[in-house]
Amino acid sequence: MTTAALQAVDSLDAKGFAEYFAPDGKITFGNVPPLEGRNAVEAGCAGFFGAIGGMQHDIVNEWVVGTDTIVELAVTYTRKDGRKVSIPVVSIWTVGDGGLIDEYRVFFDLAPVFA
C-alpha cells in the first residue's frame with residue numbers, strides 16, 4: 001500500500017489518495033486539526049496540491065507492525081516558482097479491518113517549502 005498511496009500523492013491525485021482511506025478515516029498534518037472523512041481528506045489534499053508545483057516521496061525507512069505503518073521519507077517539493085526544496089517527513093498510519101486507512105498522521109515542517 002505504501003508505494004501505491006505515495007504514487008497517488010506524487011501524481012497530485014487527491015481523489016486517488018483519498019480512496020486509500022476508510023469512509024470515516026482521518027488525516028492529520030502536523031499540528032493542524034485533522035481532516036475527518038474521505039471527502040475531507042480529498043478536499044484538503046486537493047487544496048494543498050494546488051499550492052505547490054509537485055512533489056516526490058523517497059522512502060528512507062519503513063516499518064510495518066501489525067496494522068501500523070511508519071515511513072521515514074525524504075520529500076522533494078517543487079514550488080510554484082520551480083524551485084525544489086527537500087525536507088524530512090515521517091508518516092504513520094493505521095489500517096482497519098477493511099484494509100483501508102483509519103488514521104494517518106504526517107510530521108514535517110513545511111516552512112522551507114513556502115519560504
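Taking the Cβ of Val71 as the center, what net charge do the other residues with Cβ under 12 Å away carry, scoring Lys and Arg +1 and Asp and Glu -1? Around Val71, the surrounding residues sum to -3.
Here the simple spin-label model places points 7 Å from the Cα toward Cβ, and for Val32 and Thr3 these points are separated by 2.8 nm.
Each other residue within a Cβ distance under 12 Å of Arg38 adds +1 if Lys or Arg and -1 if Asp or Glu, for a net charge of -3. From most to least packed by mean Cβ count within 10 Å, the peptides 101-111, 24-34 give 101-111, 24-34. Over region 52-115, Cα pairs under 8 Å with separation of 6+ residues give a relative contact order of 26 percent. Legend: Rg and Dmax of the chain, from Cα coordinates, 13.4, 42 Å. Per-residue ellipticity at 222 nm computed for the chain from its helices equals -7000 deg cm²/dmol, with DSSP H segments shorter than 4 residues left out and the rest contributing -39,500 (n - 2.57). Toward the positive end of the charge dipole of the chain, with +1 on the Cβ of Lys and Arg and -1 on the Cβ of Asp and Glu, the farthest Cα among Thr3, Ala115, Thr76 is that of Ala115.
Shape summary of region 73-115, radius of gyration then Dmax from alpha carbon positions: 13.9, 42 Å. Counting 0.36 nm for each residue step from Arg79 to Ala115 and taking away their Cα separation leaves a gain of 12.0 nm. Normalised per residue, the accessible area of region 18-115 is 54 Å², obtained with a 1.4 Å probe and no contribution from ligands, DNA or RNA. In the chain, the portion of solvent-accessible area held by carbon and sulfur atoms comes to 55 percent [1.4 Å probe, whole percent, DNA, RNA and ligands not counted].
The values are calculated or read from the model by the stated rules, or taken from the named source; none is laboratory data. Treat the numbers as computed from the prediction; the structure is a model and nothing was measured. Counting neighbours? That spans all protein chains shown, and the Cβs are built from the backbone with ideal geometry, glycine included. Heavy atoms of the whole protein, side chains included, go into the accessibility calculation; ligands, DNA and RNA do not. Shrake-Rupley method; radii C 1.70, N 1.55, O 1.52, S 1.80 Å.
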